[in-house]
Structures are given as structure tokens and as C-alpha cells.
Amino acid sequence: MPTNNDVLTIAEQRQPVLVQHFKNVIKKNELAHAYLFAGPNGSGKEELAMWIAMRLFCINLQDGQPCGKCEECQRISQREHPDVLIVEPEGNSIKVDQVRLLKSEFSKSGMEGNKKVFIIAGAETMTASAANSLLKFLEEPSGNITALLLTTNPNLLLPTVISRTQEMEMQPLAVNELQSQLESAGVGKHLLALTSRLTNSPDQAAEWLVDDWLGQTAAAVWQWESQLLKPDMSAFVTVGTTLVPLAKDRPHQRIVLDVILAGFRDMLLENIDQEKFVMSFPSHRKDLQELTTRYSKKQLVDVTDLGLQSKQLLERNVSFQNVAESLTLKAFNVLSK
């Protein structure tokens with residue numbers, strides 16, 4: 001969770017539409033008792049939650065914006081405000097005892113006023129007993145209390161919890177902001193465009209960087225696609241020797257196919273001479289220009305469609321190797337015409 005006044009700037013930069021929405025909602029006194037903010041790490045949901053808390057308690061508002069400097073704002077940003085309670089996972093989960101403490105605070109009136117705000121970060125990590133314990137408050141809120149649940153994956157929350165909140169999905173980050181976060185997570189410049197096409201979560205990107213998995217995958221996919229474009233049937237061998245070892249489980253298999261589709265997109269846009277498009281494989285632009293000139297737009301559209309069909313086959317539990325080998329043979333057939 002953020003711990004300084006930069007939260008105001010970050011909230012405005014990353015979620016300007018939602019900041020304006022909550023300005024209007026709070027001004028009209030129409031704030032709901034519970035919200036669920038869903039979005040990847042770095043999307044600004046933590047900062048937005050802190051912005052709301054500051055907006056509710058700030059004693060020096062400026063055009064509906066908390067000042068970030070008054071005593072109330074300072075205590076909130078430093079986690080010292082008695083009427084703004086923040087709960088985060090202990091270890092890997094939020095446990096029932098944490099929620100019981102939260103509920104005991106729910107039952108009290110505000111220590112310094114009639115408002116209380118509770119921010120539950122990592123809400124998807126609540127154990128089943130913790131989530132069930134929280135339900136009573138969400139079903140029967142009492143007093144002037146606002147609960148803000150933050151999650152990276154709402155699918156892991158109990159449906160009963162979700163149904164008792166207003167779900168707000170974070171807006172995607174602007175490209176420059178996302179790439180700045182990805183660079184901070186360790187993504188090299190040569191992988192920035194590809195990574196930002198695959199995810200808007202710096203944490204997810206950091207996982208792919210372990211043992212240079214993403215770098216190896218990008219190199220392997222380019223080797224395979226350049227062989228296809230020649231066309232060279234050694235691409236079929238590359239599937240088994242290079243792609244399959246990288247696709248070690250279902251999540252990684254999905255990403256390998258997404259990298260393949262990113263390459264197909266480069267092929268198509270380069271072929272039709274699309275101006276100013278951002279290549280996923282910028283270091284191979286010259287080679288791609290030479291390789292795609294021999295094909296028609298229809299051929300490359302058909303190959304891209306085969307890639308999309310391959311993703312559907314993978315979701316039907318066809319093995320990755322069968323999916324990739326079938327895609328290779330079908331794509332080779334299209335490009336050989």
C-alpha cells in the first residue's frame with residue numbers, strides 16, 4: 001500500500017476517470033457502503049482507495065480534491081488515522097482473525113467522527129472462513145462505513161462477496177506509464193513492446209523474467225516464425241526441440257501462443273505497410289520486411305486466423321505439442337501456395 005502523498009498524483013494519472021467519478025459520487029453523498037476494485041498490481045487501485053479515504057477526511061479540500069498536506073491526509077498516508085483501517089495478507093492470505101478484528105471495528109463508532117473507512121488489500125487471498133466472516137457486514141452494513149476491497153483476481157473471491165459490492169474495474173494504463181512500470185520491473189528495452197502486449201501487470205512480467213524465460217521464448221518464437229516465412233519445414237522440428245520445453249504448463253503454453261500471435265500481427269502489419277505500428281519484435285524489423293514481401297495479405301490473414309484457432313484448441317485440452325505442430329503444418333501449407 002502507498003505510504004506517502006504521491007498517492008494523489010498516482011491516482012489521478014492512472015485512474016483519472018474513476019477519480020472524477022468518486023469526486024461526483026462523494027459530492028452528491030451517494031457513496032456506496034462497499035466497493036470492489038479489480039485490476040493488476042500497478043493499476044492504481046491502492047492509490048485510488050487512499051484517495052477516497054483522504055477525500056472523506058480532508059479538512060482542506062480544493063475543488064473536490066484532498067490537499068494531501070493537512071493533518072488528516074498525513075495521518076491516512078502514514079497509516080496512523082484511527083478511522084481508516086487497512087488489512088493486508090499475513091503471509092499468503094488474509095485470515096479469519098484479521099476479519100474478526102475488522103468486524104469489531106465495524107461495530108464501533110468513529111473514534112474522531114462519524115465516518116470509518118476499511119481498505120482490504122489482496123481481498124482474493126481471504127480464506128473461505130475469513131470471507132464468510134466478512135459477509136455479515138457486507139449484507140447488513142451499519143453506520144457511516146465504507147469498505148474498499150482490492151483484488152488482482154476477482155475470480156478467486158466468493159461470488160457472495162462480489163455480489164454485495166459495487167465492482168469497479170481499473171482502466172488499463174497508458175502505454176508510456178505501463179512501459180515505465182515494466183522497465184522498473186526489470187524488462188529490457190528489447191522486450192518492452194512485446195511484454196506490454198502480453199500483460200499490464202509488472203508483477204506478472206517479473207515472473208516471466210525468471211531464468212530469462214520470456215527472452216528465450218521470444219527468441220524461440222522468432223526462430224520458428226522466420227523458418228515458416230522462408231518457408232522451411234525445419235519449423236516443425238523447432239516445435240519439439242525449442243517451443244515445447246518452454247511451454248512447461250498451461251499458463252506458459254498460453255503465453256507462448258500469445259507471443260506467436262504477436263509475431264503474426266507484426267507479419268501482417270509489415271506486409272500491408274501499416275505506418276507507425278509498434279512492433280512486438282522490433283529488432284527483427286529488417287528481416288521481417290524481407291520475408292513478408294513474398295506473401296499476399298490474404299495468406300498472412302489466414303495464418304493469423306490459424307493462430308487464433310490454435311488458442312481455442314489449447315483451451316479444449318488438446319496438448320500444446322499437438323496444437324503447435326498442427327499450426328506449423330497448416331501455416332506452412334498456406335504460405336507454400
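All told, residue 123 falls short of being over 23 Å from residue 6 (Cβ atoms), without any contact (Cβ under 8 Å) to a residue 40 or more places away in the chain and small (Gly, Ala, Ser).
This table checks each residue for (1) without any contact (Cβ under 8 Å) to a residue 40 or more places away in the chain; (2) of a type in the set (A, V, I, L, M, F, W, C); (3) open to solvent by 10 Å² or more (accessible area, probe 1.4 Å); (4) touching a helix residue (DSSP H, G or I) at 6+ places or on another chain (Cβ under 9 Å).
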{"site": "225", "(1), (2), (3), (4)": "no, no, no, yes"}
{"site": "253", "(1), (2), (3), (4)": "no, no, yes, yes"}
{"site": "268", "(1), (2), (3), (4)": "yes, yes, yes, yes"}
{"site": "280", "(1), (2), (3), (4)": "no, no, no, yes"}
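Only one of 262, 235, 247 is hydrophobic (A, V, I, L, M, F, W, C) and over 31 Å from the mean Cα position of the chain (by Cα). Can you tell me which?
Working: 262 fails: over 31 Å from the mean Cα position of the chain (by Cα); 247 fails: over 31 Å from the mean Cα position of the chain (by Cα).
Unique residue meeting the criteria: 235.
One residue alone among 71, 47, 105 is modelled with pLDDT of 90 or more and either in contact with an Asp or Glu (Cβ under 8 Å, 6 or more places away or on another chain) or open to solvent by less than 50 Å² (accessible area, probe 1.4 Å) (or both), and that residue is 47.
Does residue 83 satisfy the criteria of being touching a Lys or Arg at 6+ places or on another chain (Cβ under 6 Å) and either modelled with pLDDT of 90 or more or closer than 21 Å to residue 202 by Cβ (or both)?
Working: touching a Lys or Arg at 6+ places or on another chain (Cβ under 6 Å): yes; either modelled with pLDDT of 90 or more or closer than 21 Å to residue 202 by Cβ (or both): yes.
Criteria met by residue 83.
Please verify whether region 74-90 includes one or more residues that are open to solvent by 10 Å² or more (accessible area, probe 1.4 Å), within 26 Å of the chain's Cα centre (by Cα), farther than 19 Å from residue 22 by Cα and of a type in the set (Asp, Glu). Yes, because at least one residue in region 74-90 is open to solvent by 10 Å² or more (accessible area, probe 1.4 Å), within 26 Å of the chain's Cα centre (by Cα), farther than 19 Å from residue 22 by Cα and of a type in the set (Asp, Glu). Across region 137-152, the qualifying residues are those that are out of contact with any Lys or Arg (no Cβ under 7 Å at 6 or more places or on another chain) and in contact (Cβ under 8 Å) with a residue 60 or more places away in the chain, and the one among them that is nearest to residue 102 (Cα to Cα) is 147. Applying the criterion of being of a type in the set (A, V, I, L, M, F, W, C) and assigned to a loop (DSSP other than H, G, I, E, B) to the residues of region 166-180, the residue that is farthest from residue 136 (Cα to Cα) is 174.
Right, residue 17: under 28 Å from residue 161 (Cα atoms) and surrounded by fewer than 16 Cβ atoms within 10 Å (Cβ to Cβ) or not? Full working, then the answer.
Details: under 28 Å from residue 161 (Cα atoms): yes; surrounded by fewer than 16 Cβ atoms within 10 Å (Cβ to Cβ): yes.
Answer is yes for this residue.
Could you please find all residues in region 181-215 being open to solvent by 60 Å² or more (accessible area, probe 1.4 Å) and free of Cβ contacts under 8 Å to residues at least 24 places away in the same chain? If the condition is that a residue be open to solvent by 60 Å² or more (accessible area, probe 1.4 Å) and free of Cβ contacts under 8 Å to residues at least 24 places away in the same chain, then 183, 184, 189, 207, 210, 211, 212 are the ones that fit. Applying the set (1) in a loop (DSSP other than H, G, I, E, B); (2) in contact (Cβ under 8 Å) with a residue 60 or more places away in the chain; (3) of a type outside the set (A, V, I, L, M); (4) closer than 25 Å to residue 134 by Cα to residue 46 leaves exactly one unmet item: (1). Please work out which residue is nearest to residue 130 (Cα to Cα), limiting yourself to region 91-102 and to residues that are at pLDDT 90 or above and open to solvent by less than 50 Å² (accessible area, probe 1.4 Å). Once the filter is applied, the top-ranked residue is 96. Among residues that are polar (S, T, N, Q) and out of contact with any helix residue (DSSP H, G or I) (no Cβ under 6 Å at 6 or more places or on another chain), residue 60 is included. Here is a check on your reading of the model: is residue 229 open to solvent by 10 Å² or more (accessible area, probe 1.4 Å) and under 18 Å from residue 282 (Cβ atoms)? No: the conditions fail for residue 229. Report the residue count in region 161-178 for those that are surrounded by 18 or more Cβ atoms within 10 Å (Cβ to Cβ) and under 16 Å from the mean Cα position of the chain (by Cα). The qualifying residues number 4. Restricting attention to region 305-336 and to residues that are surrounded by 18 or more Cβ atoms within 10 Å (Cβ to Cβ) and β-branched (Val, Ile, Thr), the residue that is farthest from residue 257 (Cα to Cα) turns out to be 334.
The values are calculated or read from the model by the stated rules, or taken from the named source; none is laboratory data. Predicted, not measured: the structure shown is a model, and the values here were computed from it. Here the Cβ is made from the backbone with ideal geometry for all residues, glycine too, and neighbour counts use every protein chain on show. Areas reflect the complete protein model, heavy atoms only, side chains present, ligands, DNA and RNA absent. Shrake-Rupley method; radii C 1.70, N 1.55, O 1.52, S 1.80 Å.
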